[in-house]
Every structure is written in structure tokens, then in C-alpha cells.
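Below is one structure, written out as C-alpha cells; comments come after it.
What follows is calculated from the coordinates using simple rules that are stated; it is not laboratory data. Worth saying up front: this structure is predicted, and the values here are computed from it rather than measured. We place every Cβ from the backbone using ideal geometry, glycine too, and count neighbours over all the protein chains shown.
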Amino acid sequence: MLKVTPHEPITRFDLARTLLGRGRYWTTAHLVDGLLIDTGCAHSAPELARALEKQRLACIVNTHTHEDHIGANGLLQRQYPGLKILAHPLALPVLSDPRRTQPLHPYRRLFWGWPEPCQARPVADGESVQTEHYTFQVIYTPGHSPDHLCLYEASQGWLFSGDLFVGGKDRALRQGHEIWQMIASLKCIAALPITCLFPGSARIRENPTQELNDKIAYYERLGEQVLELNEKGWSVQHIARHLCGSPMWVEFVTLGHFSRQRLVRSYLRKNA
């Protein structure tokens, strides 16, 4: 399933697999001046490719290599021979061989599917990605994944945040996430003069600085509580239940890949 929303001069593509007549677990790609930022999941790749047939596409930048952000890379590179794909250096092994380097849990195969391989080039922290009318600065922002990056267009104040910021108050964390790195990365982008934030899913934020600072404050406050209870001898399970509430549906759907306990353990790695 695909929804197209203009936000001139940016086009937003919301993408999801259609199950029982509805799109499930949406992700977002953005097209601006021939640059496509992320490509959705494999299940929606043919729809995105059709939507782009009459568009100018010069380059793809992946914010990270989770399968719901790289799913149309291979198809688009075949559709546009020589299409340049840019990503964090740590992303390149996954992009070249997703099945071998990034095994998928059952829920990930169901909702997003296996991405095709593609050929990509690395971009450095601070490097500029130039389009005809805009200059996008690459900012390494690890935490959500080690290979996560954001794109910042200073003259417009645009920030493409991938999955570093999608809003909300997280009560569970996915395996591989590092909460203290996420906090540091959020502080990095919150210091920028951002007029519009384009997340990898969820709504666009106008003048998002307060929301970014609120998210940082929430994470830091929760971390202080986790560390305090750990010092008192509380177990991970008791801390998770006390601070994050009762079991969540996402823990059952993902068979524990997302969990409250993983969030607590990530905070505790600060003292490891």
C-alpha cells in the first residue's frame, strides 16, 4: 500500500504491506530534487517503483539498513541503471547481501520482507550530498542502529531523521538499540536550527526543537530512575515492570525482540 503526500518541494511516500485490506506498520520515504531518502520495505517496492516512473531519480540515501528502509533499493537500481546509493560505511555489507548479514525474525519477514541486494557507496560524517538545488549534510547518529545517519539541509532547515526520532515515549527497545547513543544523537540534532523534521515514519514536525528536547528529557529521566533502582538491587524484570508498566503487545508480536527488559538493560550498559 502506498500513499503520496506533497510537501513542496518534497514528496512523501508512506509505504506498508497490505494485510486484510489495510496497510500494516508504515514506513516513509522522501523524494526531493532527485534525491530519495530511504525506500520502504520489499513488499511495497513495486508500488514505489511505479510511483517513481515519471519522477527524476538521481540518488538514494539510506538512513540505516533496517529492512523497512532499504526494501526497494535493488529494484530501483535495476530500474535506473547506474543509480547511486549512499549509506553509512557500516551499512555496505548488509546492502550487498541482506539475507546473509541481516537475518529477519518472523514478524519482520511478515510485515516488511527480504530486501534485494544492491551496490552502495559510503558517505562520511559531515560529508555533503549535493543535488541540483540543495546541499544535504550527512550526520552520523548511532543508537537506533550502529549505521544510522540523518540528513540536514541547512539553508532550508530540513532534517530527515530516519528512525532516530519518530515521537512518542518509548517503553520498549529493540535488540541492537543503544539508548545512551540515541540520547547523544538526539542532542546533536536538537542543537541544529531545524524548521521542519521529516521522520522515517509518523507525522512531519514543524519547528521540532521542543519535541526533541522533551524526548531527550524523557529518556534521561527514565535512565536516572533505572540506574537508581539498579543501585538498590532491583532486578531488570522488576525495574521494567515498575517503570514501563505491564507487558506490551509488541513484546508478544516480536517474540521479545522488542521488550521493556531490553530498554532497561540498554540503560544499565552505561555502568558495564
Using a Gaussian network for the chain with springs between C-alpha atoms less than 10 Å apart, which of these wobbles most: Thr28, Thr18, Thr101? Thr101
A student asked for the Cα radius of gyration and Dmax of the stretch 2-210 in angstrom ought to give 15.7, 44
Cross-link reach list, aspartates and glutamates versus Lys54, counting only Cα pairs under 15 Å and skipping chain neighbours closer than eight places: Asp33
Beyond 19 Å, what share of the Cα-Cα pairs of the stretch 141-259 remains, rounded to the nearest whole percent? 51
How large is Rg/Rh for the stretch 225-272, to two decimals, with Cα atoms and a Kirkwood Rh? 0.99
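Quick one: compute the contact order of the stretch 165-260, relative version, from alpha carbon pairs under 8 angstrom and 6+ residues apart, as a percent. If you can, show how the numbers build up before the last one.
Values: 78 pairs, mean separation 32.7, N = 96.
Relative CO of the stretch 165-260 lands at 34 percent.
What value in Å³ per residue do you get for the convex hull of the alpha-carbon atoms in the stretch 171-232? The partial results should precede the final answer.
Numbers: hull volume 6.2 nm³, N = 62.
Output value, Cα hull per residue: 100 Å³.
Using 0.36 nm times the number of residues separating Phe252 and Gln225, minus their current alpha carbon distance, what extension gain do you get? Don't jump to the answer; show the numbers that get you there.
Values: separation 27, 0.36 × 27 = 9.72 nm, distance 2.54 nm.
Stretched out fully, the Phe252 to Gln225 stretch lengthens by 7.2 nm.
Of Lys84/Lys187; Lys215/Lys270; Lys232/Lys270; Lys169/Lys270; Lys187/Lys232, which ones are farther than 23 Å apart at the Cα?
Numbers: Lys84/Lys187 30 Å; Lys215/Lys270 19 Å; Lys232/Lys270 16 Å; Lys169/Lys270 20 Å; Lys187/Lys232 29 Å.
Lys84/Lys187; Lys187/Lys232, as the Cα separations exceed 23 Å there.
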Among Lys54, Lys187, Lys169, which one shows the highest mean-square fluctuation when the chain is modelled as a Gaussian network with alpha-carbon springs under 10 Å? Lys54
Gap separating the Cα centres of the stretch 95-114 and the stretch 202-272, nearest whole Å: 26
For the charge dipole of the chain, defined by +1 on Lys and Arg C-beta atoms and -1 on Asp and Glu C-beta atoms about the Cα centroid, which residue among Ser259, Gln130, Leu192 has the Cα displaced farthest towards the positive pole? Ser259
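Please work out how much length the chain gains when fully extended from Arg121 to Arg241, using 0.36 nm per residue of separation minus the C-alpha to C-alpha distance, in nm with one decimal.
On the way: separation 120, 0.36 × 120 = 43.20 nm, distance 4.34 nm.
Answer, rounded to one decimal: 38.9 nm.
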